[in-house]
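For reference, the structure discussed in these notes is given below.
The values are calculated or read from the model by the stated rules, or taken from the named source; none is laboratory data. Remember, it's a predicted structure, so these values are computed and weren't measured experimentally. Don't worry about glycine lacking a Cβ; one is built from the backbone with ideal geometry, like all the others, and counts go over all protein chains shown. To get the accessible areas, we keep the full protein, side chains included, count just its heavy atoms, and leave off ligands, DNA and RNA. Shrake-Rupley method; radii C 1.70, N 1.55, O 1.52, S 1.80 Å.
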Amino acid sequence: MHIADGILPAKVCIGGYAIAGLATWYSLRQINRQKNPQQGIPKASLLTAAFFVASGISIPIPPASVHFVLNGLLGTILGYYAFPAILIGLFFQAQMFGHGGLTTLGVNATMMGIPAILAYHIFQLRYLFREQKPVITSIFAFLSGAIGLGLALMIFFILVISNLPAELDNMTERSALYGLMLSHIPLIMTEGIFTAMLVIFLQRVKPELIKGKVAKRMPLKDEI
């Protein structure tokens, strides 16, 4: 689901770099506000490697072939570390595998990184519930993993279909894009389920890895 060089016009690529730069700055600013910013680096490094390798795992789902993205998973577990982690992973994917490109690096980082940050905030909504039951945690983990990929797929579709080169057969290309979108629906569900399973496992063996900022909750009547 990477956008390759030559697909998008220069102004879109420049805009992608501008948004990616702002998102990176904001993410690093949020990270530096943490009590110990360096504490999350090993976890971020491990999941950056997982994100890097995931693009090489192809899954044949007719009428196309898809690969894991895991941006929702990174957002769920890493929080604001997810955007720089995805940016680094995409750079090495472009350099070593030819997935994506350098001119579209900013667009690809924005397309996958911003939904990852949104996935983190979706997962934090679990704190609105008084008790952190596994079923509630798993539901929000599933939603964050699935929505992270689903939103990235939507951005990909809008960008590509609105910037198809004039020399291409639009009907053929649109049909291929529709087929690619349909092929990603099972992957969205798979990544949501995988995110939920991993989060539940971590909650049992290493709960500090998925702890986030507890949302403020309105006091109940019996608490006033």
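In a GNM of the chain with a 10 Å cut-off on Cα contacts, which of Leu47, Leu149, Leu182 has the highest mean-square fluctuation?
Answer for the Gaussian network model of the chain: Leu182.
Hey, what's the chain come to in accessible area per residue, 1.4 Å probe, Å²?
54
List the residues, sorted by chain then number, that are 5 or more residues from His67 or on another chain and whose placed amide H is less than 5 Å from its amide H.
For His67, the qualifying residues are Ile59.
Once the Cα atoms of helix 41-54 and of the chain are each reduced to a long axis, what angle between those two axes, in degrees from 0 to 90 to the nearest 10, is obtained?
Approximately 40 degrees, to the nearest 10.
Run the helix sum for the chain: -39,500 (n - 2.57) per DSSP H stretch of 4+ residues, divided by residue count, reported at 222 nm to the nearest 500 deg cm²/dmol.
-22000 deg cm²/dmol
For the chain, set up a GNM with springs between Cα atoms under 10 Å and report which of Ser138, Ser65, Ser162 has the largest fluctuation.
Ser162
Measuring from centroid to centroid over Cα atoms, what is the spacing of the stretch 87-120 and the stretch 1-62 in Å?
Using only Cα atoms to place each centre, the spacing works out to 5 Å.
Over the chain, with every protein chain in place, what whole percent of the accessible area is carbon and sulfur at 1.4 Å, could you tell me?
70
Positive end of the charge dipole of the chain (Lys, Arg +1 and Asp, Glu -1 on Cβ, about the Cα centre): tell me which of Ala18, Gly72, Thr103 has its Cα farthest that way.
The one lying farthest along the dipole's positive direction is Gly72.
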